[in-house]
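As C-alpha cells, the structure follows; a few thoughts come after it.
The values are calculated or read from the model by the stated rules, or taken from the named source; none is laboratory data. Please read these numbers as outputs of a predicted model, since none were measured by experiment. Quick reminder, even Gly has a Cβ in these numbers, built from the backbone with ideal geometry, and neighbours come from all protein chains shown.
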C-alpha cells in the first residue's frame, strides 16, 4: 500500500511523518519526499567516534531528494531520513536529517508500506553503536569466512545491510 501526504508549513518532517504513521498504524515503510525548507540540521555519523556531527543550515533550500524508512523503536514508528538540498547558488549539500531540526516551506511525501512481513524493529548494534534493524542481518557465507581466515583476519563480523535511525544518541537515551 502507498500513502501520500503533505507536511504543513513550519512543521518538522520527522514529527509529521512519525505522527502520520502512528495515526495510520504504519509500522514499516520506505519514505520518498521533495519540497522546500528554510531550516534543517544535517549530520554524518563518525564511524570511529560513534557519534553524529551535525551542522545547521538556514536559508532557502530546495529538497532535491529525501529518502529513508520508517520502522519500530520501542514499539513506536521512527523515521530514518537522509536528504539532499540545493541552495540559492545551486550548490548541493546532504546528510542524515536530524529530528526536530526542520522548518518546512512546502514538503510532499510518499510512504511505501511493506505489508506482508513482520514489522522491522531497531536495536543498538554493538559494532557500530547505531540502532539498526535487528531482524535484517545478512550472515557471512562460508566462502567469505574461509577467505577471511586465509587472509589472517582474527575477527569475523556480520555484514549488515541497513542504516541507523534518525535520532541522535542523546534523544534516544543511548
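Here are some notes:
- Single match in 36, 40 (criterion: touching a helix residue (DSSP H, G or I) at 6+ places or on another chain (Cβ under 9 Å) and touching a residue at least 60 places away in the same chain (Cβ under 8 Å)): 40
- Matching strands (runs of 3 or more DSSP E) fully within the range 5-108 where at least 1 residues are at pLDDT below 95 and over 22 Å from residue 120 (Cα atoms): 29-46, 51-73
- So residue 4, is it closer than 17 Å to residue 109 by Cβ, surrounded by fewer than 17 Cβ atoms within 10 Å (Cβ to Cβ) and touching a residue at least 24 places away in the same chain (Cβ under 8 Å): yes
- Residues (at positive phi and free of Cβ contacts under 8 Å to residues at least 24 places away in the same chain) located in the range 86-120: 90, 116
- The test for being surrounded by fewer than 16 Cβ atoms within 10 Å (Cβ to Cβ) and closer than 16 Å to residue 80 by Cβ holds for residue 15.
- Within the range 109-119, if we keep just the residues that are in contact with a strand residue (DSSP E or B) (Cβ under 7 Å, 6 or more places away or on another chain) and not in a strand (DSSP E or B), the residue that is surrounded by the most Cβ atoms within 10 Å (Cβ to Cβ) turns out to be 114.
- Number of the condition not met by residue 30 [criteria: (1) surrounded by fewer than 16 Cβ atoms within 10 Å (Cβ to Cβ); (2) over 19 Å from residue 2 (Cβ atoms); (3) touching a strand residue (DSSP E or B) at 6+ places or on another chain (Cβ under 9 Å)]: (2)
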